[in-house]
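The values are calculated or read from the model by the stated rules, or taken from the named source; none is laboratory data. It should be emphasised that the depicted structure is a prediction, and the values quoted were computed from it without experimental measurement. Glycine also receives a Cβ, built like all others from the backbone with ideal geometry; neighbour counts cover every protein chain displayed.
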Amino acid sequence: MKVAILGAGAWGTALAVLLASKGIPTALWARRKEQAEALRASRENKDYLPGVALPAYLYPTADPEEALEGVELAVVALPSKALEETLRALPLAPWYLSATKGLFFKEGRLHTPSEVVEALTGRSVAALSGPNHAEEVARFLPTASVAAGPLELAKRVQELFSGPTFRVYTSQDRRGVELGGALKNILALAAGMVDGLRLGDNAKAALLTRGLREMVRFGTAQGGEEATFYGLSGLGDLLATAYSLHSRNRGAGERLVRGEALERLEDRGVVEGLYAVKALMAWRERTGLELPIAEAVYQVVYEGLDPLKALSALMAREPKAE
Ligand SMILES: NC(=O)C1=CN([C@@H]2O[C@H](COP(=O)(O)OP(=O)(O)OC[C@H]3O[C@@H](n4cnc5c(N)ncnc54)[C@H](O)[C@@H]3O)[C@@H](O)[C@H]2O)C=CC1
Ligand SMILES: O=C(CO)COP(=O)(O)O
């Protein structure tokens, strides 16, 4: 039994640490040869997950053949922007687990990462999502997550990843699970803006509660089940990300309103909400579904709207019942 993890960023490394610490031989595939060599030499991912020792069963490599030879499955832990190009260039695995959180707008439809992996590889694909900061998972702090997909596949993921500090639930609502993971990143950007502007706890709670409504309205219209958005991969991940010191999305919102340039926001790692909100707004143009918070985030990030003006516009919307 061998597993390959594709993507040696924070999340790929944390998942590899989790599996390898259970004695499962795990290849961690890095895009750059120098990175794989540095991981092998120092037994630490200094760039993306500093301070975590890599277990003996974890083997970093930049050679795709070496990484994927004889594997049972490949775990995709790539940033969404690199997913398609990277997977096209790699040998196939028997089946896949997508750990990417993102949204793709293609041919007039929104697609989740596992749908994209499925279309590219023609193989069965499950998804893993939940309130799972890599920095905590890799340090074996208690964590729960959701393995979503056809029941048999979800159960295999559950069995593979479960351990004393990592509790995995199954779900057959893969689309709902992944939509929650993508949407919460947009809401975490907004939460960071509230933090950066010091608007207070009331404002943040209102934003996240109304944001959750937006997630449910959008997610159910897109085929997800309502209960999924109130579970670990929806509300759970929204809370973990929007209140986190680790979160790159929340941090990016905070830094943006404090004057940092858009181009610098990914200096500390990928900020998926920046891409998800673009895909969502491109799709919304065709449907007209109301997504006031996501639209405000888009306007602040990409159209230079003053965040306080965006907030005033949200506060001045037509009065309505909750
Ligand atoms: N960091 C976390 O706690 C969690 C992250 N995720 C998701 O996992 C995915 C990956 O995130 P992280 O590992 O945190 O990102 P990261 O920013 O820590 O690392 C990104 C990795 O992707 C590589 N990369 C960047 N551009 C690339 C390209 N064009 N082609 C190939 N590789 C490229 C980088 O070299 C690096 O190894 C994202 O979708 C994220 O939302 C999901 C759960 C938790
Ligand atoms: O998805 C995550 C936690 O569940 C990681 O959040 P960030 O990408 O904002 O760091």
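Taken over segment 91-117, the criterion of being free of Cβ contacts under 8 Å to residues at least 12 places away in the same chain and not basic (K, R) is satisfied by E107, H111. When restricted to residues that are farther than 13 Å from L256 by Cβ and within 19 Å of the chain's Cα centre (by Cα), segment 294-317 contains 1.
Considering segment 9-52, and only residues there that are assigned to a helix (DSSP H, G or I) and of a type in the set (S, T, N, Q), the residue that is farthest from ligand 2 (Cβ to nearest atom) turns out to be S42.
Taking the conditions exactly as written (more than 23 Å from G251 (Cβ to Cβ) and either in a strand (DSSP E or B) or not assigned by TED's automatic domain parsing to the domain that holds L78 (or both)), does L97 satisfy them or not? So L97 passes the test. Quick check on this structure: which one of G70, G102 is within 16 Å of ligand 2 (Cβ to nearest atom) and either part of a loop (DSSP other than H, G, I, E, B) or within 15 Å of A10 (Cβ to Cβ) (or both)? Within the list G70, G102, the selection yields G102.
Yes/no matrix, rows are residues, columns are (1) crowded, with 21+ Cβ neighbours inside 10 Å; (2) of a type in the set (D, E); (3) over 17 Å from the mean Cα position of the chain (by Cα); (4) over 30 Å from A20 (Cβ atoms):
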{"residue": "A138", "(1), (2), (3), (4)": "yes, no, no, no"}
{"residue": "P142", "(1), (2), (3), (4)": "no, no, yes, no"}
{"residue": "P150", "(1), (2), (3), (4)": "no, no, yes, no"}
{"residue": "R174", "(1), (2), (3), (4)": "yes, no, no, no"}
{"residue": "A182", "(1), (2), (3), (4)": "yes, no, no, no"}
{"residue": "V194", "(1), (2), (3), (4)": "yes, no, yes, yes"}
{"residue": "L197", "(1), (2), (3), (4)": "no, no, yes, yes"}
{"residue": "G200", "(1), (2), (3), (4)": "no, no, yes, yes"}
{"residue": "R217", "(1), (2), (3), (4)": "no, no, yes, yes"}
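Scanning segment 42-68 for residues being of a type in the set (D, E) and either under 22 Å from the mean Cα position of the chain (by Cα) or over 15 Å from A30 (Cα atoms) (or both) gives a total of 1.
Would you call Y275 within 16 Å of ligand 2 (Cβ to nearest atom), surrounded by fewer than 15 Cβ atoms within 10 Å (Cβ to Cβ) and modelled with pLDDT of 95 or more? So Y275 does not fit the description; no. Quick one: would you say V52 is aliphatic (A, V, I, L, M) and under 26 Å from R286 (Cα atoms)? So V52 does not fit the description; no. A Cβ distance below 8 Å, combined with a sequence gap of six or more or placement on separate chains, defines the contacts here; from segment 147-166, residues that are under 14 Å from S98 (Cβ atoms) and outside the structural domain of G234 (by TED's automatic domain parsing) reach residues that are aromatic (F, W, Y) and assigned to a helix (DSSP H, G or I) in the pairs A147/F161.
With respect to P60, determine if the residue is touching a Lys or Arg at 6+ places or on another chain (Cβ under 7 Å), surrounded by 18 or more Cβ atoms within 10 Å (Cβ to Cβ) and either closer than 23 Å to E115 by Cα or not aliphatic (A, V, I, L, M) (or both). It is true that P60 is touching a Lys or Arg at 6+ places or on another chain (Cβ under 7 Å), surrounded by 18 or more Cβ atoms within 10 Å (Cβ to Cβ) and either closer than 23 Å to E115 by Cα or not aliphatic (A, V, I, L, M) (or both).
Tell me, please, whether a residue that is part of a strand (DSSP E or B), at pLDDT 95 or above and away from ligand 2 (no atom under 13 Å from the Cβ) can be found in segment 148-157.
Step one: of segment 148-157, the residues part of a strand (DSSP E or B) are 148.
The next check asks that each one be at pLDDT 95 or above; those that pass are 148.
Now drop any that are not away from ligand 2 (no atom under 13 Å from the Cβ), which leaves 148.
Yes.
Filtering segment 158-170 to residues that are of a type in the set (V, I, T) and within 16 Å of ligand 2 (Cβ to nearest atom) leaves T165, V168. Beta carbons closer than 7 Å, at least 6 apart along the sequence or on distinct chains, pair a first residue in segment 174-199 that is over 24 Å from G223 (Cβ atoms) with a second that is not in a helix (DSSP H, G or I) for G196/R258.
Restricting segment 117-147 to residues that are farther than 26 Å from H246 by Cβ and not charged (D, E, K, R) leaves a set whose member that is farthest from ligand 2 (Cβ to nearest atom) is G122. Quick check: anything in segment 79-88 within 13 Å of ligand 2 (Cβ to nearest atom), out of contact with any strand residue (DSSP E or B) (no Cβ under 6 Å at 6 or more places or on another chain) and of a type in the set (S, T, N, Q)? Scanning segment 79-88 turns up at least one residue that is within 13 Å of ligand 2 (Cβ to nearest atom), out of contact with any strand residue (DSSP E or B) (no Cβ under 6 Å at 6 or more places or on another chain) and of a type in the set (S, T, N, Q).
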